[in-house]
Each structure stands twice: as C-alpha cells, then as structure tokens.
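Undergrad: Shown below is the structure under consideration.
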Amino acid sequence: MFPAGLAVLGGQLTGRASAATDVRAARAGVVTRRTPGPIVKPLPPELFLPHGTNAETRWEALRDVGFHVPNDRFFVRNHTSTPLIDATTWRLRVHGSGVRRPREFGYAELRSMPSVTVDAAIECAGNGRSFFATQQGRQTPGTQWRLGAVGVARWRGVPLSAVLRRVGLSARAVDVMPSGLDANFVSDGVDLGRVRRPLPIGKALDDVLLAYEMNGEPLPPDHGFPVRVVVPSWVGIASIKWVGDIEVSAEPLSSPWNTRFYRFFGPGYPDEGTAPLAEQVTKSAFELAWEGAVPSGSPYTLRGRSWSGRGRVTRVEVSTDGGAHWRRAKLLDGGRRAPWTRWQVTWPDPRPGRRELLARATDETGTAQPATTPFNDLGYLFDAIVAHPVQVV
Ligand SMILES: Nc1nc2c(c(=O)[nH]1)N[C@H]1C(S)=C(S)[C@@H](COP(=O)(O)O)O[C@H]1N2
Ligand SMILES: [Mo]
C-alpha cells in the first residue's frame, strides 16, 4: 500500500561513508551514509534559527500553517548527524531479559501491522533554555533555544505495545530501551555510545508509537527515517529517532540520558539529581518574530499556541502592558487529547514603541505558568512566562 515509502530514500544515498559508519552499519544490517552537514533538509533562514547540529523553528513561520507543524519547518535536534538509512535492509532488533521470543522486524512487516494515527508534540527538554540567562540572569550550558524546539505532527505507526506483544513480553519486564542508529555521542572526549534512554514499561505499553509517517509522508531523514519512537507528552529525548534496537529488561536499565542528563541537578537537588525527567511543562509562544514589527493605529490580532505535557491547556491570558492587565485569549483547539492549542486575542490599541508581550497558560491540572522557573544546572523545563519583544511601528 505504501511503495513510495520504501523507495523514497533510494535516490538519496549520497555522500561518503566513514569507516566507523561502515562497521556499525554492517553489524546492524543497515546501509548508512554520512551527509555533508548534520541536517539533510534545507534550513531557510526565514524558517529556522541555526544552532550547530540543531535547528530551531522560528515562531513567525507557524503563523499561518494550521494545527500541525509541516515537516519542512519542524525543529531538528541531533546529537550528531542525520544518518541516511536504507529501509529495505533496516532491521529493528527486539531482545532482552524481558522478552520470551527475541526477533527482528523489517520495515515492510511493521508497515503491514495494524496502524494508529496520533497527534503528538515532540519538545526538547531544553526548549526555552536561553531565558534562564536572559530573564533570570543565570547562564546554563547547551543549546540556547528560545521557544522553537517544539512541534506537533500527525504520526502514524505501530503501537510499541503491539510489537512487544509479538515478542512475548515477560511479566517481569520493567524497562524498555530503544537505541538510535546515528553515530555514537561523544561528550567531553568520552564516548557515551548510541543515543538511547530507557522507558518504564508502564509508559511503553501506554501510548508510545513506533512511527514511520509524519504528517502523511514517510518520516523525513532528519526526523528518524525509517522508524522513530514517539513518546507523547514526555521530554523529546525519549522519542528516539532512527531506532534500530529495543532492549526489554527484567532489571532496571540506565543510560547517560537518564542519569547524567535529563534530570534536575544543582542547588536544592540531590547530588545524583532528581528522578529522570518525564513530562514536559506548560509553555506559550506568540506566532511573531522576535523583535518583530506590529502595526500601530488599529486593533491587532495576536496569535499563539500553548501546550503542556501534563494535560490539556484550559486557559490562556495575554498581557500587552507588562502584566498589569491580562486579557483572556480565545482557544481555537480544545480536544481532550490535543497536544497544543492555538489561540488568538485582540490587542485593541498598539501604540508605537518597543513593547513586551506576555502569554500565560493554565493546564487542566490547574498549573499556570509562573513568573520564574527554579534554576537547574542544565537548564531543563523552563516554564516561566516569556517576555516577547516587538516593535510597534
Ligand atoms: N537517535 C537519536 N534520537 C533522538 C535524538 C538524537 O540525537 N538521536 N535527539 C533527541 C532529542 S534531544 C530530541 S528533542 C528529539 C528531537 O526530535 P526532532 O529532531 O524530530 O525534532 O529527538 C530525540 N531523539
Ligand atoms: Mo531534546
């Protein structure tokens, strides 16, 4: 039914493979080629802010695009580089002490299994990190994202639970760890291995997807072709791209991505950090350029989006006067499972000058975005209200 998906990468196998890539690829039964840059898709400056191996979506590029973020403007977070993988030789190996019948799955087999389609956000745990420095006066290391390390797409694939059922999940299974087929991640000279992070079995069996389609197209290379994990509501690192291996274990698993990264560290936290981060927090963004122009002289419609990993957004308020007055925005997407909602509100009297716009969302747990986010060393989960500068002209 989807021959285009199988063929799409054939024409893109260009570039030179490194020796290391060849060895790993041979072991995995995968043809992997390096690309000239870390990201394959075009990154026009009107759609993206570059950050090394990563690219941030510009919020003004979401102004007229509808509920889903189109693939050509979805943010990219790569620890190294996008690998180009041949779906016809790709295999997903499922194994470990929590599995009774370890085996491999091919792309065609996954595509022949009953599929589900879900709207889910992928958001980097570091989204908004730059505001720890610019709003709260404390620099944190890592990619200095504004608010564009998030996107919602329509994903189609096979529930992870269905694949686990086919390999005979043991009642003793506690953790499920997908690994990516991209290059090993080297941090401060230490090789940390494949990008991988364990999921507790409860989440793995709940709403996690092995996705092969994004917004109705085969996954683009940068977003995990041929198959990625999609873990709704959780920190983006859980959604492993280019998955080639899933270990299911009767003992707890760990990786640097749930021990030395993606926990809260720093003042007030235990030395080994908190428990691994799971759900994303509540955030809001205006669909406007940073320092963008807003015309004066007549009412202006402000648009934006708000989201929370803790549940539906129930209320959004906007202030155009530094927080003295708040106006209730009209929510445009309200479904119980909507991963974000678009909203709009009228700014009746924009007067010339530099202004800061504030948006504050409340989610269904009753949590409203705070004025400040408690500091953590690695700058994760910034949820405070962001002051968005504009020039009224
Ligand atoms: N294999 C692999 N999976 C990965 C990553 C990676 O570098 N390699 N980055 C993770 C992080 S930190 C995030 S935020 C999301 C980003 O997904 P996207 O690039 O499709 O937006 O992918 C996650 N999955
Ligand atoms: Mo991330």
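The values are calculated or read from the model by the stated rules, or taken from the named source; none is laboratory data. As the structure is a computational prediction, the values presented were derived from the model and not from experiment. Ideal geometry is used to build each Cβ from the backbone, glycine not excepted, and the neighbour counts take in all protein chains shown. To get the accessible areas, we keep the full protein, side chains included, count just its heavy atoms, and leave off ligands, DNA and RNA. Shrake-Rupley method; radii C 1.70, N 1.55, O 1.52, S 1.80 Å.
Undergrad: Could you list, in sequence order, the residues of region 232-256 that are within 11 Å of ligand 2 (Cβ to nearest atom) and either closer than 17 Å to residue 169 by Cβ or among the small types (Gly, Ala, Ser) (or both)?
TA: 236, 238, 239
Undergrad: Would you check if residue 102 is farther than 25 Å from residue 234 by Cα, at pLDDT below 95 and open to solvent by 40 Å² or more (accessible area, probe 1.4 Å)?
TA: Considered against the rule, which asks whether it is farther than 25 Å from residue 234 by Cα, at pLDDT below 95 and open to solvent by 40 Å² or more (accessible area, probe 1.4 Å), residue 102 comes out as no.
Undergrad: Looking only at region 120-149, which residues are more than 12 Å from ligand 2 (Cβ to nearest atom), part of a loop (DSSP other than H, G, I, E, B) and open to solvent by 20 Å² or more (accessible area, probe 1.4 Å)?
TA: 135, 136, 137, 138, 139, 141, 144, 146
Undergrad: May I pose another question? Hey, any hits in region 239-253 for a residue that's surrounded by 23 or more Cβ atoms within 10 Å (Cβ to Cβ) and out of contact with any strand residue (DSSP E or B) (no Cβ under 6 Å at 6 or more places or on another chain)?
TA: Yes, that holds for at least one residue.
Undergrad: So, residue 335, is that one open to solvent by less than 70 Å² (accessible area, probe 1.4 Å) and within 23 Å of residue 150 (Cα to Cα) or not?
TA: When the stated conditions are applied, residue 335 passes them.
Undergrad: If you scan region 199-223, which residues turn out to be away from ligand 1 (no atom under 14 Å from the Cβ) and assigned to a loop (DSSP other than H, G, I, E, B)?
TA: 207, 216
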